[in-house]
Amino acid sequence: MQLITPLVLAATAATSHGLAAPVASNPGATTSQGGLFAAVAAKNAEMLAVKEGKKLIKDVKKLPAAPFSMMTEKGPTLAKLLEREGCVGVPEALTLETAATLRAFVEERRDVAMAEVEAGAPFESRFGGVNCRGKGVFGTRQDLYQPVDAEPVKQALTEFFERLRPLLEPLVGLDATLHEISSLVADPGAPRQCIHADTIVLPCPQYPAASMEPLYTCFIALQDVDDDMGHTLFLPQTHTDHTLWNVRRQDQETYIASRKAVESNLKTGDVAIFDSRVLHCGLGNTSNKRRILFYCTVSAQHAWPLPDGLHGSNSVLPADRARWRVRDFLAE
Ligand SMILES: O=C(O)CCC(=O)C(=O)O
């Protein structure tokens, strides 16, 4: 996810009339960390994230999760809840076997991708930009693209869409495009992220004529996530509120502190589904275990309406970009 962080943006790019163009680069979201400026910006983002955790976010509850049987029997109702809340959990989106096979594949692919980058392949051809990634070329948190042509990835997507169809069909329809197919790997020591949204809210004052159907990102755990491995934290119902794009940092903090917060608590194969506009962040991994999430992002709208880099949900290999619809993974 090449993130656009309104919270950092508005703090650094507000104009005299109070509007920040939501297009500036995000100091917290980097690909490979080149140069002193990027390193300093990354450190500042990490400090901001710690402050958010200590001062602004209190009383974190669990992400509400619908039992699998409710998802199958009442998919349209759950879809409405997700539209309203901006995030929801569903258990058992992948079987344990599929999750284990995919995890082994991601681990292997990561080693290969790192070796290829070290041998000269462009970092951006294998990895996406990620907020608060830690030090070094690869950092401690990576966004590693996953190829659909690899059997474990195709198998996982097939199983996921078959199992979650009762929810996803009313939510985005079977013609929905897969905008992202990737994985998040957070190693021991991965820092907490700044609170961010992956895509901006449209229309907004800067783009009054633009509109986009919601993009839903599905984070699927490939192992049980213990508390110290870092859950994903969400601020529900923040996905339609775009005042944050255009206000001062102090006002952003007041807003964040006023919101309720929930965290994902996923077990192997469980999914957290969220609207890409909802404010969220990955928490720090203080354990000695690697956390891996497989993820995809789907939307009824096939193309982002603004040019060049404004779309934050674009973690996908070029070969798979705009290539897949949800129905491609379903039997009939
Ligand atoms: O690590 C996580 O749980 C969330 C990561 C995330 O939100 C991001 O990189 O955009």
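Every read-out reported here was derived from the displayed coordinates using simple, explicitly stated rules and does not represent laboratory data. What you are looking at is a predicted structure, and each value in this text was computed from that prediction instead of being measured. Here Cβ is always computed from backbone atoms with ideal geometry, including for glycine, and neighbour counts include all displayed protein chains.
The peptide list 71-79, 271-279, 117-125, put in order of mean Cβ contacts within 10 Å with the highest first, becomes 271-279, 71-79, 117-125. Distance cut-off 25 Å, Cα to Cα: go down the list Lys260/Lys289; Lys154/Lys267; Lys74/Lys267 and report the pairs above it. Cα-Cα > 25 Å for Lys260/Lys289; rest within. Here the Karplus curve 6.51 cos²θ - 1.76 cosθ + 1.60, taken at θ = phi - 60°, turns the phi angles of the stretch 213-230 into couplings of 4, x, 9, 10, 9, 10, 8, 10, 6, 9, 7, 4, 9, 6, 4, 7, 8, x Hz, with x standing for Gly and Pro.
Couplings 3J(HN,Hα) for the stretch 37-50, derived from phi with the Karplus relation 6.51 cos²θ - 1.76 cosθ + 1.60 (θ = phi - 60°), are 4, 5, 5, 5, 4, 5, 5, 4, 5, 5, 5, 4, 5, 5 Hz, where x marks Gly and Pro. Evaluate the charge dipole of the stretch 218-332 about its Cα centre and quote only its size in Debye, nearest 20, assuming +1 on the Cβ of each Lys and Arg and -1 on the Cβ of each Asp and Glu. Once rounded to the nearest 20, the dipole reads 200 debye. Between the amide H of Glu180 and those of Thr297, distances stay under 5 Å, these residues lying 5 or more places away or on another chain, with hydrogens modeled in the peptide plane.
The modelled label-to-label distance for the pair Arg84/Ala121, using points 7 Å beyond Cα in the direction of Cβ, is 4.6 nm. A Förster radius of 45 Å, combined with the Cβ-Cβ distance separating Glu213 from Lys54, puts the computed FRET efficiency at roughly 0.80.
Its residues counted as N, the stretch 40-100 yields a C-alpha radius of gyration over 2.2 N^0.38 Å of 1.65.
Local charge for Glu92 was computed over the other residues whose Cβ lies under 15 Å away, with Lys and Arg +1 and Asp and Glu -1, and equals -3. Sorted from greatest to least, the principal axis extents spanned by the alpha carbons of the chain come out as 56, 47, 39 Å. Across the stretch 78-91, rounded Karplus estimates of 3J(HN,Hα) from the backbone phi angles (6.51 cos²θ - 1.76 cosθ + 1.60, θ = phi - 60°) give 5, 4, 5, 4, 5, 4, 7, 7, x, 6, 7, x, 9, x Hz, Gly and Pro being marked x. Give the distance, in whole Å, between the Cα centre of the stretch 58-126 and the Cα centre of the stretch 253-289. If you average the Cα positions of each part, the centres end up 12 Å apart. Highest mean packing first, where packing is the average number of other Cβ atoms within 10 Å per residue, the peptides 96-107, 196-207 line up as 196-207, 96-107. Extension gain for Ala100 to Met47 (0.36 nm times residue separation, less C-alpha to C-alpha distance): 15.6 nm. If R0 is taken as 35 Å, the Cβ-Cβ distance between Arg327 and Lys61 corresponds to a FRET efficiency of 0.45.
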